[in-house]
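Peer 1: Quick one: the structure is below, and I'll ask about it shortly.
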Protein chains: 2
Amino acid sequence: MTATDGETAPGYASSTCRVRAVLDRVGDKWSIYVVDRLGGGQLRFSELLRGIDGITARMLTVTLRGLERDGILTRTVHAAVPPRVDYALTPLGETLREAIGQLVSWADSHLPEIEEARAAYDGRADEPACPEAAAG
Amino acid sequence: MTATDGETAPGYASSTCRVRAVLDRVGDKWSIYVVDRLGGGQLRFSELLRGIDGITARMLTVTLRGLERDGILTRTVHAAVPPRVDYALTPLGETLREAIGQLVSWADSHLPEIEEARAAYDGRADEPACPEAAAG
DNA sequence: CCGCATCCCGCGGGATACTG
DNA sequence: CAGTATCCCGCGGGATGCGG
């Protein structure tokens, strides 16, 4: 099992560029947080807006439209005044949420390791390998 | 279990903005493909370059540096001529690869649904809901 | 309250050319 | 072969203002 054979990658590698189209949605700045938030049940626009730190109304709209287009969530408009719109995950969206959850919890649980690694790398880049040794 | 309580999201929600720093790495255009490729064992620069469709040398370098900084992979330089550099996943990188694999296979297996949903949505947007009905 | 339109800026990232 | 430096363009996305 060396890396010298031409076809190392199996399975989904064949549809890489199509998968890209899907992962781009996940890769955009806000989708994963929207999906994550909706895991607890349907929420209205303003709830999402307040629940996701740093997002603007514009980006929330754009993100929601994208997810709706992909069949990840549904948009329910209540025509009455005051206007009210609810968003909820579809079954497909629920499965995505699970996959995302894996990644988010990975990120969360390995945060310390990663921050350590970054500190070590950055230190290596423009500082002596042993700051305390240099101080002596 | 309504969505009316203030604290719907448990666990990792508390460190959202730190998690962001990690997910941004996953979110960038090429990291997941590099990590995925390296799953089969160490590869040299040019092998990655040829193995990942559409990536440029510049972006491969940038991506590899970022992943190295995060402790996801290691960079091994063979000083001899011709120059040769090998990249391999760290144990941490392996765990990331598993999480990514979940997502990639999700994307792969749900591609048809998503493309259907997109087609339906786009059709709805600027075409009659029932093209064949409109034709009659 | 919901959310679209417009303007505008920063940066991701592609092309190209050069070094060790 | 591996990597760096420069230029440059497109677009993600923030701020603001208006319409339903």
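The values are calculated or read from the model by the stated rules, or taken from the named source; none is laboratory data. Being a predicted model, the structure only gives us computed values, none of them experimental. Please note: Cβ atoms are built from the backbone with ideal geometry, for glycine as well, and neighbour counts cover all protein chains shown.
Quick grid of which residues meet (1) in a helix (DSSP H, G or I); (2) among the small types (Gly, Ala, Ser); (3) at pLDDT 95 or above:
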position: B:92; (1), (2), (3): yes, no, yes
position: B:100; (1), (2), (3): yes, no, no
position: B:104; (1), (2), (3): yes, no, no
position: B:107; (1), (2), (3): yes, yes, no
position: B:116; (1), (2), (3): yes, no, no
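Peer 1: Take the residues of the stretch B:54-84 that are farther than 13 Å from residue B:38 by Cβ and of a type in the set (A, V, I, L, M, F, W, C): which is surrounded by the most Cβ atoms within 10 Å (Cβ to Cβ)?
Peer 2: B:55
Peer 1: Hey, could you check the stretch A:22-50 for residues that are modelled with pLDDT of 90 or more and small (Gly, Ala, Ser) and say which is farthest from residue A:90 (Cα to Cα)?
Peer 2: The qualifying residue farthest from residue A:90 (Cα to Cα) is A:46.
Peer 1: Looking only at the stretch B:56-82, count every residue that is within 11 Å of chain A (Cβ to nearest Cβ), within 15 Å of the chain's Cα centre (by Cα) and either within 11 Å of DNA strand C (Cβ to nearest atom) or part of a loop (DSSP other than H, G, I, E, B) (or both) and tell me the total.
Peer 2: Matching residues across the stretch B:56-82 total 2.
Peer 1: Criterion first (surrounded by 19 or more Cβ atoms within 10 Å (Cβ to Cβ), under 18 Å from the mean Cα position of the chain (by Cα) and either among the polar types (S, T, N, Q) or away from DNA strand D (no atom under 15 Å from the Cβ) (or both)) does residue A:89 satisfy it?
Peer 2: Yes; evaluated as a whole, the condition is true for this residue.
Peer 1: Going through the stretch B:23-53 one residue at a time, which ones are facing another protein chain (nearest Cβ under 8 Å), within 15 Å of DNA strand C (Cβ to nearest atom), free of Cβ contacts under 8 Å to residues at least 60 places away in the same chain and hydrophobic (A, V, I, L, M, F, W, C)?
Peer 2: Scanning the stretch B:23-53 gives a single hit, B:23.
Peer 1: Working only within the stretch A:57-86, note down all residues that are near DNA strand D (Cβ under 9 Å from one of its atoms) and charged (D, E, K, R).
Peer 2: Within the stretch A:57-86, just A:58 meets the criteria.
Peer 1: State which residue is farthest from the other protein chains (Cβ to nearest Cβ) when the search covers only the stretch B:83-129 and only residues that are under 21 Å from residue A:98 (Cα atoms) and among the polar types (S, T, N, Q).
Peer 2: Within the stretch B:83-129, the match that is farthest from the other protein chains (Cβ to nearest Cβ) is B:109.
Peer 1: Answer with yes or no whether residue B:60 is under 30 Å from residue A:67 (Cα atoms) and at pLDDT 90 or above.
Peer 2: Taking the combined requirement at face value, the residue satisfies it.
Peer 1: Name the residues in the stretch A:38-55 that are more than 13 Å from DNA strand D (Cβ to nearest atom), part of a loop (DSSP other than H, G, I, E, B) and out of contact with any strand residue (DSSP E or B) (no Cβ under 8 Å at 6 or more places or on another chain), would you?
Peer 2: Across the stretch A:38-55, the qualifying residue is only A:40.
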